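Take a look at the structure set out below.
The values are calculated or read from the model by the stated rules, or taken from the named source; none is laboratory data. As the structure is a prediction and not an experimental result, all values here were calculated from the model. Note that each Cβ is placed from the backbone with ideal geometry, even for glycine, and that neighbours are counted across all protein chains shown.
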Amino acid sequence: MEHHHLTPRDWDVVADDPTFRDLLSKRRRFVIPATIFFAAYYFSLPILVGAAPALMRAPVWGDLTFGYIFAFSQFAMAWILLALYVRRAKTFDELEAKVVARVREELEAL
Amino acid sequence: MTPGIGMFGLFVIATLIITAWASARNTTSKGFFTAHREISGVQNGWAIAGDYMSAASFLGITGLIAFYGFDGFMYSVGWLVAYLTVLFLVAEPLRNVGKYTMADLISFRLRGHPVRAMAAISTLVVALIYMIAQMVGAGSVINLLVPQLGYSTTIVAVGTIMLIYVIFGGMLATTWVQIVKAGLLLTAALIMSFLVMLHFGFSLPAFFHAAANINAAGSTGAVRNLLQPGLLYQGSLGKLDLISLGLALVLGTAGLPHILMRFYTVPTAKAARTSVAWAMSLIGVFYLSTTFMGLGAATILGQENIGIRLSNGDAIRYIAVHYDQSKALTAEYKRNGDQYLVVQPNDNLAAPLLAAKLGGEYFMAFVAAVAFATILAVVAGLTISASSAIAHDIWWNIVRKGRGDEREQMIVARTTAIVVGGLAIFLSIGLRTLNIAFLVGLAFAVAASANVPSILLSLSWRRFNHIGALSGMIAGLASSLFFIAISPAVMGIDLPGAATHHIIQANPLFPLQNPGLVSIPIGLIAAILGTLFSKDEQAETDFNQLVVRANTGMGAEV
């Protein structure tokens, strides 16, 4: 797929294409909240170490502390977000294929 | 010949056969830097894991968890979560927009050569710091495990074998070395975790109970709970240090040149996504196992046994130097007639010593060989990324303005690999006695402060321009280097007889170990201010092209 011959004007046309706008907004609607969520979840770990040391030190399951369980839960959090993203990305791929197919048609029509 | 050298020899022979096979295909710069973009997503996931799980993770983190429990495990958490940044924001756009390097993405719509040159310099700085950390670590640890190999011999051997992979086999050989090594390292970590749990009759409560009741090394009768925070990062500064470290780890990964470069080895952005998915699965399993290895070493070996057993003469000198500083030392040595038994603590040895205890001499030899293989694979990846910054960014794009021939570019690529590898060997031999533990943290801090703001702003902010990128990269690089230079990692007053030395013998001027908390905001703010004080219409116009390419793969390098 060579698109080097697209002019700056063509890139603008694709950028305004409704399907492409849809792709961008769908992507942002996933990525921005997911990034905010994982940053908040991750940084609450070191912040709680400083802010709530008694909670972090408290044994919850046998000798296992709340802090260590919270640290383990970061792994689950990362893997769940990974799975959600990979699933959602199928939608992105479908929209992307539509945009690419349309651009190709328009170029061939020229 | 010890079993360790034997097993390592097998690994070297196998990887050299791979290199010979790969060398036939390593004839163009595209082959050299990207293995012809024919690596599959799954293969690349394994290779990223192999590139990322360094000796610092395997030996260093296991040791930190063995001595400090929870606080050491914070590294494991940060190093996995960091991949969400790569997955959501960087991997796919990078593959769609760039050709060989990080600078390709940053300078895509930004005017002029200075941006590319600065991105290349930053790449070189990060790669070189990271390489020295790996090689000095390699030299010290292998020297302990296989004393027949001297320190300098080890460094030269690592450097030479790694350069053979890179120069003859290029990215294809390096990729397969990383894949093989990732498999070996995961196998070693899982076997060790299994043996630790076998020791505790597969009872997690029993395992955690033991970890919560450790007889602290060096103190008499005190009990440590390794499941609680605060053993390493103490007091109010410790709390800030933990946040600073977390920030550098989570953002820095997305700016590590040797990791970014791996996304150019796959055919499409979709395959880049698959690679992150596989890498996160493998890396997560590995970092979970560091808890079992680290706490296992503390409980099964005992902290007082993790280190180097000194000979009688060294033991007497060690006691003489350390005795007055702490009465606690009395618990660290035993006297038997004229014989003193002293174990000098060394947290890098937790994993190999645990392997010896659980699986005997041959398993320890396997683990030592894996540690050696780990260093080789990581250093090879770093060398290729440093070479790409010089050959592709500086030589091809800036000096030759994109008009050299293929043969010349290959010569430049190979020559720079030799120069960078040689420089790393030379510096690593010279820096032998320095306390290098801070170097990996520094590499992440530089990457997060200098590279990541420009990568993210370039992709997301239409207004962003070359002045913003330049000021952000320069401020991020300079501030992270400056603050580390006046931090306790570099400045400190050494006690007589200490095994490693601080570079500056004075009290530190900056309180935090890791500069990220200060230098990352400085890099980001400088990038934003630089942009606001200047204007580049062309960069704003070309933003559409960047966004379309990044999100659709139109015009992507094939």
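Among the residues in segment B:288-303, are any assigned to a helix (DSSP H, G or I), more than 9 Å from chain A (Cβ to nearest Cβ), of a type in the set (G, A, S) and in contact with a strand residue (DSSP E or B) (Cβ under 9 Å, 6 or more places away or on another chain)? Give the steps one after another, and end with the answer.
First, the residues of segment B:288-303 that are assigned to a helix (DSSP H, G or I): B:288-301, B:303.
Next, from what is left, pick out any that are more than 9 Å from chain A (Cβ to nearest Cβ): B:289-290, B:292-301, B:303.
When the remaining residues are screened for being of a type in the set (G, A, S), the result is B:289, B:294, B:296-298.
Among the residues that remain, those that are also in contact with a strand residue (DSSP E or B) (Cβ under 9 Å, 6 or more places away or on another chain) are: B:298.
So far as segment B:288-303 goes, yes, one or more of its residues are assigned to a helix (DSSP H, G or I), more than 9 Å from chain A (Cβ to nearest Cβ), of a type in the set (G, A, S) and in contact with a strand residue (DSSP E or B) (Cβ under 9 Å, 6 or more places away or on another chain).
Being crowded, with 21+ Cβ neighbours inside 10 Å and at positive phi is a condition met by no residue of segment B:507-530. If you check B:T187, B:T154 for being hydroxyl-bearing (S, T, Y), at pLDDT 95 or above and within 20 Å of B:G9 (Cα to Cα), only one passes: B:T187.
For segment A:60-81, the candidate set comprises residues that are closer than 17 Å to B:F207 by Cβ and surrounded by fewer than 17 Cβ atoms within 10 Å (Cβ to Cβ); within that set, the residue that is nearest to the other protein chains (Cβ to nearest Cβ) is A:G62.
Could you say whether any residue in segment B:478-485 is over 23 Å from B:L237 (Cβ atoms) and away from chain A (no Cβ under 14 Å)? Steps first, please.
Step one: list which residues in segment B:478-485 are over 23 Å from B:L237 (Cβ atoms), which gives B:478.
Imposing the further condition that a residue be away from chain A (no Cβ under 14 Å) reduces the set to B:478.
Yes, because at least one residue in segment B:478-485 is over 23 Å from B:L237 (Cβ atoms) and away from chain A (no Cβ under 14 Å).
Just the residues that are more than 8 Å from chain B (Cβ to nearest Cβ), within 24 Å of B:Q545 (Cβ to Cβ) and of a type in the set (A, V, I, L, M), please, taken from segment A:6-45. Result: A:V13, A:I32.
Please enumerate the residues belonging to segment B:1-14 that are of a type in the set (A, V, I, L, M), over 23 Å from the mean Cα position of the chain (by Cα) and assigned to a helix (DSSP H, G or I). Before you say what the answer is, go through the steps one by one.
Filtering segment B:1-14 down to residues of a type in the set (A, V, I, L, M) leaves B:1, B:5, B:7, B:10, B:12-14.
Remaining after also requiring over 23 Å from the mean Cα position of the chain (by Cα): B:1, B:5, B:7, B:10, B:13-14.
Result: B:I5, B:M7, B:L10, B:I13, B:A14.
How many of the residues making up segment B:520-556 are of a type in the set (V, I, T), within 14 Å of another protein chain (Cβ to nearest Cβ) and over 17 Å from B:L105 (Cα atoms)? I'd like the intermediate steps shown before the answer.
Filtering segment B:520-556 for residues of a type in the set (V, I, T) gives B:520, B:522, B:525, B:528, B:531, B:541, B:547-548, B:552.
Cutting the leftovers down to within 14 Å of another protein chain (Cβ to nearest Cβ) gives us B:520, B:541, B:547-548, B:552.
Retained after the next criterion (residues that are over 17 Å from B:L105 (Cα atoms)): B:520.
Final tally of qualifying residues: 1.
Kindly check whether there is at least one residue in segment B:534-556 that is in contact with a helix residue (DSSP H, G or I) (Cβ under 8 Å, 6 or more places away or on another chain), among the basic types (K, R) and touching a residue at least 12 places away in the same chain (Cβ under 8 Å).
Pass one, segment B:534-556, residues in contact with a helix residue (DSSP H, G or I) (Cβ under 8 Å, 6 or more places away or on another chain): B:534, B:536, B:539, B:541-542, B:544-556.
Keeping just the survivors that are among the basic types (K, R) gives B:549.
Within this subset, residues satisfying the condition of being touching a residue at least 12 places away in the same chain (Cβ under 8 Å) are B:549.
Scanning segment B:534-556 turns up at least one residue that is in contact with a helix residue (DSSP H, G or I) (Cβ under 8 Å, 6 or more places away or on another chain), among the basic types (K, R) and touching a residue at least 12 places away in the same chain (Cβ under 8 Å).
For (1) closer than 25 Å to B:V177 by Cα; (2) surrounded by fewer than 24 Cβ atoms within 10 Å (Cβ to Cβ), each residue gets a yes or a no:
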position: B:V367; (1), (2): yes, no
position: B:A373; (1), (2): yes, no
position: B:S385; (1), (2): yes, no
position: B:I394; (1), (2): no, yes
position: B:V399; (1), (2): no, yes
position: B:I418; (1), (2): yes, yes
position: B:G421; (1), (2): yes, no
position: B:R462; (1), (2): no, yes
